[in-house]
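Everything below concerns the one structure shown next.
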Amino acid sequence: MIRTLWLRFTDKIDAPLFSLAVTLLLLGLLTLSSAAHDTSSRVAGQAINILVALGVMWAVAQFQPQTLMRFALPAYALGLALLIGVALFGEVVNGARRWLNVGVTRIQPSEIMKIAMPLMLAWYFHKHEASLRLRDYLVASLLLALPVLLIARQPDLGTALLVTAAGFYVIFLAGLSWKIMIGLALAGSACLPFLWSLLHDYQRRRILTLLDPTSDPLGAGYHIIQSVIAVGSGGLAGKGWLKGTQAHLEFIPERSTDFIFAVFSEEFGLIGNCVLLLLYLLLIGRGLSIAANAPTFFARLLAGAVTLTFFTYVFVNMGMVSGILPVVGVPLPLISFGGTALVTLFLGIGILMSIHRHRKLVQT
């Protein structure tokens, strides 16, 4: 019976993508068991999160891309309504209003937008594929800006960045002119003084600390200093599993979540980091291959955006842990502890599997 269930499970998924994801999950559990050595319940909790995430992935992979397209507008509308609900009635936790109590549990609506945003924009561009004009890109930018502003207001800079990236990738892949992008980049640079005034105090401190972490070594600069020490102390081959002093002596903050890459680097060194990067590159390459072979405009945009958003997760997390980007609270995908982010990532992987599995069934 178990063999039959396993065959049914594997028959519906993309083997290369699944194998890479599971390998990263196993590395994550291995690192988490060291990072959370004093709280073993986290490893058990993450194992449950993984089972839930795999179930979500398998379920989404069963849907045809046309069915996913029907969910685009309702998912976006629901996510936007919930974000407005957070702004009006959300619970404040640690100074941030990100959660909405729905009676039986609390939800974080901003997570919905990580998937709803590329779905919505891919649907919109697919609908106007025959006659895309500048007006369509402006409408898409407005659709992107509304939830991003609501998320940034919570404040949740990390999630706002990921949602912005997911939406931008769709707009870029839909054929936005390089001239327009360069113009927007120049306009954005000119607006930096104004944007600086809109940042919260703690966000400004993070950026200033990035430039000089030693200016506040026991405060805002502590995270970066300790993580950089851990990454550098791993050397070529690392100190070995369970032998990382920075993690086990509790110098690394958030070592099970946002800064788990520092734990991995200290214990497995440069060689381990290269293996980890290779696995991520192979997974991203597989996603881009699925996008390139997708039969419809909607599927290509959605698969490309999901894959490049995954890349953004990796780049931002490793960048902030290594001290080259500000600390914005982005987990290392498939490695960091966390249920919501893991389910969101596997929902994206399920979408890629759906597009690949049903590519010959879709009418071109």
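No lab work stands behind these numbers, since they all come straight from the coordinates. This one's a predicted model, so the numbers in the text were calculated from it and none came from an experiment. Note: ideal-geometry Cβ built from the backbone for every residue, glycine included; neighbour counts use all protein chains shown.
Per-structure values
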item: Among L302, L32, L173: highest mean-square fluctuation, GNM of the chain, C-alpha pairs under 10 Å; result: L173
item: Bins of 10 Å, starting at 0 and running to the largest distance - Cα pair percent for region 105-145; result: 27, 45, 19, 7, 1
item: Net length gained if the chain between L242 and A187 were fully extended (0.36 nm per residue, minus Cα distance); result: 14.9 nm
item: Where labels lie 7 Å past Cα in the beta-carbon direction, separation of I84 and R106 in nm; result: 2.4 nm
item: Length-normalised contact order of the chain in % [C-alpha pairs under 8 Å, at least 6 apart]; result: 27 percent
item: Region 24-176: relative contact order as a whole-number percent, Cα under 8 Å and 6+ apart; result: 20 percent
item: Label-to-label distance, nm, for residues given as S177 and N293 (7 Å Cα→Cβ offset); result: 3.5 nm
item: Cβ-derived FRET efficiency at R0 45 Å, V22 paired with R153, nearest 0.05; result: 0.75
item: Choice from G183, G79, G158 with maximal GNM fluctuation in the chain (Cα, 10 Å cutoff); result: G183
item: Where labels lie 7 Å past Cα in the beta-carbon direction, separation of S41 and E129 in nm; result: 5.0 nm
item: For region 72-179, projected area of the alpha-carbon convex hull averaged over all directions, nm²; result: 7.1 nm²
item: Least to most buried among T309, T23 (fewest other Cβ within 10 Å first); result: T23, T309
